[in-house]
Amino acid sequence: MRNSVNGLKRIGVLVTLTLAAVLMAHAQAAPAQGAPPTLEGKTAEQVYKNIKVLNGTPADQVIESMHLIRGALGVSCEFCHEDPDRAADTKEPKETARMMMRMVTDLNKNSFKGQQEVTCYTCHRGHSIPATTFTFPVVENGEEVEAKGLPSVDQIVAKYVAALGGEQAIRKVNSRVITGTQFIPTGPGGTVPVPAMIERSQKAPNLVVNVYRTPTYTISEGFDGARAWAQAANGRVTEPGGTDQMRAKRDSDFYLPLDLKQTYTQMQVRNIENVNGHDAYVVIARPQGDRVERLYFDVQTGLLVRKWSSLATPAGEAPFQVDYDDYRDTGSGVKFPYLITMNPANARTEPSTTATIRVNKVQDNAPLDSSKFAKPESKAAAAAQ
């Protein structure tokens, strides 16, 4: 199970402006038999068998890279790998994939000064065999043209804040407890959904703790005001790496909708796109020292309906998309999305990896002691592993 969801650990803190870090704990689900207790600080060849291309790659990037390749080719894991022995070299496409990965690495190194300009998707575009010639009719697909007459970033952000209930109502809330349900993608390739009860507690200015309970295990993660942490089913407590720490700190801001202009060093209105049947303004947002994100605001309501972000992997940038729907008043005059849908890089080829949160209850200004958010101690048995 750990191998199938560990790639989600590094993208968990990308998730949302309102329900941040919701996937980070999923990586801490009960590990499969024989799985290593942790991938921290290990390279691919130290964790996985028969590594011939990704030598030296951080082990926690391997599975996410495989998901990205699978999506780029529009295939399942079994296209290259045997089940259950993923290390076996019995399928010709596996060796072909290794050759292609070496080719892409060489292209980027020798032709693009080491920049990751070419990926599997550059040629494959969702097909196992890339097209080598065009088919009729030829449709021109030029560069994206920036739409004219769009509102400014300030206008879009102001409408978003107003749609949520207004700054005055938002600042009157200083804590929140959210409960809901979700099927967590687990198992080989993250294709086995496990039902979980979710409880998220937040306290201003930047305290967060999420607890996920399934019929067989409990996992949790949080941000204590200084550092992000995660506790696995076996009690082991770890801290994510530098990039995830930065994202956890950014997304733990209780008043993030009010602080967007401070959170993102650059924001630009790009165009209008359709999101689930609704026109939305696309705002390109760049956080300090991090990759560009895209925020989609409903043209009519002003509410945030989608957030797109990405995670760097050896195979290219893995996209991660979160959709927000069913906004409701929580009882304090502030609106919150009661339906949150998360799509990782491989969701197109494996729909079961899509994770949907259905919020059951939101309690604003719930009494929460700050000690609730403290990083827990690792259990002795887990720490000894």
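Structure above, values below:
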item: Count - residues of the stretch 259-305 that are open to solvent by less than 30 Å² (accessible area, probe 1.4 Å), under 11 Å from I156 (Cα atoms) and assigned to a strand (DSSP E or B); result: 9
item: Only one of R2, R98, R70, R102 that is basic (K, R) and modelled with pLDDT under 50; result: R2
item: Where a residue in the stretch 43-63 is at pLDDT 85 or above and open to solvent by 60 Å² or more (accessible area, probe 1.4 Å) and its partner, wherever it lies, is assigned to a helix (DSSP H, G or I) and charged (D, E, K, R), with Cβ under 8 Å and at least six apart; result: K52/R98; N55/E45
item: Filter result for P351 (modelled with pLDDT of 90 or more, of a type outside the set (S, T, N, Q) and surrounded by fewer than 17 Cβ atoms within 10 Å (Cβ to Cβ)); result: no
item: Single unsatisfied condition, C80 versus (1) touching a residue at least 40 places away in the same chain (Cβ under 8 Å); (2) buried (at least 20 other Cβ atoms within 10 Å of the Cβ); (3) out of contact with any strand residue (DSSP E or B) (no Cβ under 8 Å at 6 or more places or on another chain); result: (1)
item: Some residue of the stretch 65-73 being in contact (Cβ under 8 Å) with a residue 60 or more places away in the chain and surrounded by fewer than 15 Cβ atoms within 10 Å (Cβ to Cβ); result: no
item: Close pairs (9 angstrom Cβ cut-off, 6 or more residues apart or separate chains): over 23 Å from G71 (Cβ atoms) in the stretch 101-122, open to solvent by 80 Å² or more (accessible area, probe 1.4 Å) and modelled with pLDDT of 80 or more anywhere; result: S111/E117
item: Pairs with Cβ under 6 Å, 6+ apart, first in the stretch 315-328 and in contact (Cβ under 8 Å) with a residue 24 or more places away in the chain and within 11 Å of H67 (Cα to Cα), second crowded, with 16+ Cβ neighbours inside 10 Å and among the acidic types (D, E); result: A318/E64
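The values are calculated or read from the model by the stated rules, or taken from the named source; none is laboratory data. Please read these numbers as outputs of a predicted model, since none were measured by experiment. Cβ sites come from the backbone with ideal geometry, for glycine too, and all protein chains shown count toward neighbours. With ligands, DNA and RNA removed, areas are computed over all heavy atoms of the protein, side chains included. Shrake-Rupley method; radii C 1.70, N 1.55, O 1.52, S 1.80 Å.
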